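One structure is given here, and the rest of the page talks about it.
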Amino acid sequence: MAVPRSFKFLLRPTAKQAAALAACLEDHRTLYNAALEHRRTAYVKAGVSVRYGDQSAELKHIRGDDPDGQGRWSFSSQQATLRRLDKAFAAFFTRVKAGRTPGFPRFKGRGWFDAVEWPKDGDGCRWDSQPEHPSATFVRLQGVGHVRVHQHRPVRGRVKTISAKREGKRWYVVLACDDVPAEPLPGTGAVVGLDMGVACLVTMNDGVHVANPRHLAATADRLAEAQRDLARGERGSRRRRKKVARVAALHGKVRRQRIDYAHKVANALVRAYDVIVHEDLRIANMTRSASGTVEQPGRNVAQKSGLNRSILDAGWGVFLTVLAHKAESAGRELIAVNPADTSRTCSRCGHCAKENRVTQAEFVCTACGHAAHADVNAATNILRAGLALRQAAEAA
Ligand SMILES: [Zn+2]
């Protein structure tokens, strides 16, 4: 089985190349904003929706009129930027149709447009463009040149898309690959159930708690503070622009820390277990907000602001996405179960009652007296539900 995967490497551009990369990003941002303005005007003034095809057809003229500006870059990467805008509009209209009142797609300010994508290797870009070089790897990007890559691990599969991405002062290349061969890990015979929480990212049925890392919580705190600070500030001042930049930088940091941590935890799990059962996140989010456990968290998280908590919550989606990729590539089985009642059902006798849950952390069964950490009890129920699903699927 082959799975899609991406590889991210640090770029080592020369000063001239770094300037070209910045110009490339800036021109793509300008193109995005101009295309957005075009769509906005047509929609607001005439009620007309401009489509991707219309805008792509205009690219030729835009490039022809501006040979030393927009004309320098790859036609395909510019199309990818227009498609990115098209996606933002598609999402906007989906929400409008669903009866909600979403914000109109927004103009991208400096610092809010950080990547250019070349949708096909060989078209305006080339991975490993100097294969004859004895020691270094290069990627060629149209208008930028052959940029040196710090390739710290091998690339597997076939390179499909190539992106250049700016993070702070650094540049990265991101390769999305197809047909990456799976590397099954040897079986361990072990199974595990995971309960996802706020104080702990996951709790396993064997009693192991995997906490959100302290540095992530610390960055989340700083981000929450920076956002409060920003909300207090006056609009339009130079200090405000600095505050916006700080919030953006901290958002990026939280995202990177969360992804790194998700990789670490997911790696450990797929190495140790053949079958991993977790809560179905879509259902979990609904039942959680309905039953109010997130709104009334335990003591560990009570002091944390709602925002900080939501930052830690958001880690679940990232974690499960990473876990799904790794499980597939390692040949592990990942099962999602409906989490309804898993936190109030006794994992020993099956008695289900709200009163079983004494506090956020403490579970004591009112029928049989079984006492356990509430998350461990829930993880045990989750594992059991997953194994039952699996058995039913095998019997069918
Ligand atoms: Zn019981």
Requested in this report: Identify, among 11, 237, 226, the residue whose Cα sits farthest towards the positive end of the charge dipole of the chain, taking +1 on the Cβ of Lys and Arg and -1 on the Cβ of Asp and Glu, with the dipole about the Cα centre.
Outcome: 237
Query raised in the report: Using Cα atoms only, what is the angle between the long axis of helix 374-395 and the major principal axis of the chain, expressed in degrees (0 to 90) to the nearest 10?
Result: 80 degrees
Requested in this report: Taking the Cα centre of the chain as origin, work out the dipole magnitude from +1 charges on Lys and Arg Cβ and -1 charges on Asp and Glu Cβ, in debye rounded to 20.
Outcome: 1760 debye
Report summary line: The distance between the Cα centres of the stretch 27-45 and the stretch 351-396, in whole Å, is 53 Å
Query raised in the report: Given the pairs 16/87; 87/243; 108/165; 165/326, which are separated by over 21 angstrom at their Cα positions?
Result: 16/87; 87/243; 165/326
**Report entry** Stretch gain in nm, segment residue 130-residue 367, where the contour uses 0.36 nm per residue and the Cα spacing is subtracted
**Finding:** 78.3 nm
Report summary line: For the stretch 150-157, in residue order, the Karplus 3J(HN,Hα) values (coefficients 6.51, -1.76, 1.60; θ = phi - 60°; whole Hz; Gly and Pro = x) are 8, 8, 8, 8, x, 9, 10, x
**Report entry** Degrees between helix 52-65 axis and first principal axis of the chain (Cα, 0 to 90, nearest 10)
**Finding:** 40 degrees
Report summary line: Plugging the Cβ-Cβ distance of residue 255 and residue 90 into 1/(1 + (r/R0)^6) at R0 = 30 Å yields, to the nearest 0.05, a FRET efficiency of 0.80
Report summary line: Simple SL model, points at 7 angstrom along Cα→Cβ for residue 41 and residue 318; separation in nm is 3.9 nm
Requested in this report: Would you order 368, 177 from fewest to most other beta-carbon atoms within 10 Å of each residue's own beta-carbon?
Outcome: 368, 177
Query raised in the report: Taking 0.36 nm per intervening residue step and subtracting the Cα-Cα distance, what contour gain separates residue 83 from residue 211 on full extension?
Result: 42.2 nm
Query raised in the report: Applying the Karplus parametrisation 6.51 cos²θ - 1.76 cosθ + 1.60 with θ = phi - 60° to the phi angles of the stretch 183-192, what ³J(HN,Hα) value in whole Hz is obtained for each residue in order, glycine and proline being reported as x?
Result: 10, x, 8, x, x, 10, x, 9, 10, 8
Report summary line: Residue separation between residue 359 and residue 6 times 0.36 nm, minus their alpha-carbon distance, gives in nm 122.9 nm
Query - For 326, 108, order by how many other beta-carbon atoms lie within 10 Å, fewest first - result: 108, 326
Query raised in the report: Using 7 Å Cα-to-Cβ label points, what is the residue 394/residue 188 separation (nm, one decimal)?
Result: 1.9 nm
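Computed from the coordinates by the stated procedures, all read-outs in this text should not be read as laboratory data. Note that the structure is predicted; figures quoted are calculated from it, not measured. Neighbour counts are summed over all protein chains in view; Cβ atoms, including those assigned to glycine, are modelled from backbone coordinates with ideal geometry.
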